[in-house]
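These notes are about the structure you will find just below.
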Amino acid sequence: MYQFTDLNGCSISLQFGQGLLRDVKHVWVLCRFEESWLLTRHKKRGYEFPGGKVEEGESLEEACHREVYEETGATIGRLDYIGWYRVEGKGQLFNKAIYFAEVEVIEEKDDYLETNGPLLIKQFPDNLKKNPEYSFVMKDKVLPLALQYIGNRNGR
């Protein structure tokens, strides 16, 4: 298990592989489309992977499919659970499941809800932490550790 503090001063606990906390109410989906990463342009936070709250009666996997489609217009083919993380601090405590998705198709939509739609990138900027276009959720240790985990699993 990894433990660190994020850019907002919150305590983060991160675990990969088997095991899932019981009280997971959020999902974060690291999406791959062909040779690119699929991000969304959140209207307030900037570029980030799709994700959000799990709705009442919805499974984590159903939430992944819904959130990715709502925020990017993408349809997921393969979806793999890779881990979870807990955010604690500043009056909040929540657990988020992390998934890796291979996207089959992206369709253009009239409305992407709280986002401005999809963004495809081949690679992340060298200094992501200092890039103001990217969301704070992309700038702590969760993303690089998750990408490393995915790469190790897929032999990349």
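Values as computed for the structure displayed
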read-out: Residues within the range 30-49 that are closer than 16 Å to residue 140 by Cα and either part of a strand (DSSP E or B) or modelled with pLDDT of 95 or more (or both), tallied; value: 5
read-out: Answer residue from the range 120-134, given it is part of a loop (DSSP other than H, G, I, E, B) and touching a Gly at 6+ places or on another chain (Cβ under 9 Å) and is surrounded by the fewest Cβ atoms within 10 Å (Cβ to Cβ) among those; value: 132
read-out: Positions within the range 1-23 being out of contact with any helix residue (DSSP H, G or I) (no Cβ under 8 Å at 6 or more places or on another chain), outside any loop (DSSP other than H, G, I, E, B) and over 17 Å from residue 137 (Cβ atoms), in sequence order; value: 3, 15
read-out: Hits in the range 102-116 (condition: in a strand (DSSP E or B) and either among the charged types (D, E, K, R) or within 15 Å of residue 52 (Cβ to Cβ) (or both)); value: 102, 104, 115
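The values are calculated or read from the model by the stated rules, or taken from the named source; none is laboratory data. It should be emphasised that the depicted structure is a prediction, and the values quoted were computed from it without experimental measurement. Here the Cβ is made from the backbone with ideal geometry for all residues, glycine too, and neighbour counts use every protein chain on show.
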